[in-house]
1. Inspect all residues belonging to segment 108-125 and state whether any of them is touching a Gly at 6+ places or on another chain (Cβ under 7 Å) and modelled with pLDDT of 95 or more.
2. Which is at pLDDT 95 or above and either open to solvent by less than 30 Å² (accessible area, probe 1.4 Å) or in a helix (DSSP H, G or I) (or both), of Ala278, Ala268, Ala261?
3. Any idea which of (1) assigned to a helix (DSSP H, G or I); (2) of a type in the set (Gly, Ala, Ser); (3) modelled with pLDDT of 75 or more is the one Ala228 doesn't satisfy?
4. Here is a list: Leu130, Leu134. Which entry is at pLDDT 95 or above, buried (at least 23 other Cβ atoms within 10 Å of the Cβ) and not hydroxyl-bearing (Ser, Thr, Tyr)?
5. Quick one: in segment 26-42, which of the residues that are part of a loop (DSSP other than H, G, I, E, B) and crowded, with 19+ Cβ neighbours inside 10 Å is farthest from the chain's Cα centre (by Cα)?
6. Output the residues belonging to segment 198-211 that are of a type outside the set (A, V, I, L, M) and either assigned to a loop (DSSP other than H, G, I, E, B) or open to solvent by 10 Å² or more (accessible area, probe 1.4 Å) (or both).
7. Looking at segment 112-128, which of its residues are farther than 17 Å from Lys181 by Cβ and part of a helix (DSSP H, G or I)?
8. Is one or more of the residues making up segment 282-297 open to solvent by 30 Å² or more (accessible area, probe 1.4 Å), of a type outside the set (D, E, K, R), over 14 Å from Thr186 (Cβ atoms) and at pLDDT below 70?
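The values are calculated or read from the model by the stated rules, or taken from the named source; none is laboratory data. Computed from a predicted structure; not experimentally measured. In this analysis, Cβ positions are derived from the backbone assuming ideal geometry, glycine residues included, and neighbour counts consider all displayed protein chains. Accessible surface areas use protein heavy atoms only, side chains included; no ligands, DNA or RNA. Shrake-Rupley method; radii C 1.70, N 1.55, O 1.52, S 1.80 Å.
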Amino acid sequence: MAILNFGRRKAPATATAGLESFLDGYSIEVMPRTAEKVEDFTTLLPRGTRVYIAHIDGTPIEEMVATAARLADDGFDVMPHFPARIIPDAATLEDWINRYQTEAGVRQGLILAGGVAEPKGEFHCSMQLLETGLFDRAGFTHLHVAGHPEGNRDIDPNGGDAAVMDALAWKQAFSQRTDAKMALATQFVFDAAPVIDWADRLQAAGIDLPVHVGVAGPAKLQTLIKFAIACGVGPSLKVLQKRAMDVSKLVLPYEPTDLLAELAAHKAANPDSLIAQAHIFPLGGIKTAASWVTTNAGSAGTPAALTA
């Protein structure tokens with residue numbers, strides 16, 4: 001995992017002037033089993049919000065498609081996950097795409113390797129799924145891929161980020177030969193500095209894909225630490241560990257206000273930065289996350305037209 005300079009370009013924690021603007025057009029993530037518990041998404045999210053549907057290993061495709069259809073019918077832009085390692089072959093991938101399109105009108109997808117250790121079939125990475133050409137033939141308008149600001153031990157088991165950067169270079173080249181708009185969706189982070197440094201490095205390497213920064217919604221500190229360890233969150237985990245040592249904050253739920261304020265301040269000062277918008281992981285519950293965004297987004301709660 002890359003060693004990054006945590007001391008650079010720190011914005012004051014109170015710098016919230018651009019927070020509303022940065023939350024404009026935010027996206028959020030759900031799973032079929034959590035979606036079932038929500039009676040009416042239109043009371044939580046503005047219509048037009050991009051909603052990722054996480055495909056966890058073992059979730060039947062029928063449940064994924066039904067969730068996509070429900071959200072699409074309610075006026076949301078649906079982006080299901082396509083995890084390479086749980087898709088056995090190209091015929092299955094084509095079947096999933098057809099189901100999503102015929103039953104839910106899906107034209108967007110998050111293409112990623114997936115969290116299982118052993119592939120179920122012939123695919124082990126997102127690049128193999130993209131290389132099939134099936135998404136382009138189906139007319140997908142948006143293809144997002146994973147970004148790893150803090151490195152990824154699954155891809156670079158010995159540390160560093162050489163393989164991650166090679167994969168990003170491939171995805172950058174692919175973005176030039178697909179009609180779909182591409183972007184990088186990152187794992188959730190708790191510190192702005194690694195993300196900002198990483199985005200700067202991408203630009204220096206000739207990569208221009210917009211970055212949608214993963215942000216954990218409000219949740220108990222213990223919940224976030226559990227998810228952070230399970231998902232391999234790296235250097236920014238120190239933010240949670242430091243918070244856990246502060247008795248005055250230990251019992252209070254974490255909120256991403258300071259993190260987003262730093263990202264917003266950086267974007268306002270550097271409008272050409274690849275950092276584009278926020279993607280919310282509702283680790284403390286989707287109702288809690290949606291309520292927090294509504295409170296902090298103000299008039300920006302209505303998503304802007306999708307660009308990436």
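1. To start, the set of residues in segment 108-125 that are touching a Gly at 6+ places or on another chain (Cβ under 7 Å) comprises none.
Taking every residue of segment 108-125 in turn, none turns out to be touching a Gly at 6+ places or on another chain (Cβ under 7 Å) and modelled with pLDDT of 95 or more.
2. On the way: Ala268 fails: at pLDDT 95 or above; Ala261 fails: at pLDDT 95 or above.
Residue meeting the stated conditions: Ala278.
3. With (1) assigned to a helix (DSSP H, G or I); (2) of a type in the set (Gly, Ala, Ser); (3) modelled with pLDDT of 75 or more applied to Ala228, the lone miss is (3).
4. On the way: Leu134 fails: buried (at least 23 other Cβ atoms within 10 Å of the Cβ).
Within the list Leu130, Leu134, the selection yields Leu130.
5. As a first pass, look at segment 26-42 and keep what is part of a loop (DSSP other than H, G, I, E, B): 26, 31, 36-40.
If we keep only those that are crowded, with 19+ Cβ neighbours inside 10 Å as well, we get 26, 31.
On the way: Tyr26: 10, Met31: 13 Å.
Among those residues, the one meeting the criterion is Met31.
6. Taking segment 198-211 as the starting set, the residues that turn out to be of a type outside the set (A, V, I, L, M) are 198, 200-201, 203, 206, 208, 210.
Residues satisfying the conditions are Asp200, Arg201, Gln203, Gly206, Asp208, Pro210.
7. Selection gives Met127, Gln128.
8. There is no residue in segment 282-297 that is open to solvent by 30 Å² or more (accessible area, probe 1.4 Å), of a type outside the set (D, E, K, R), over 14 Å from Thr186 (Cβ atoms) and at pLDDT below 70.
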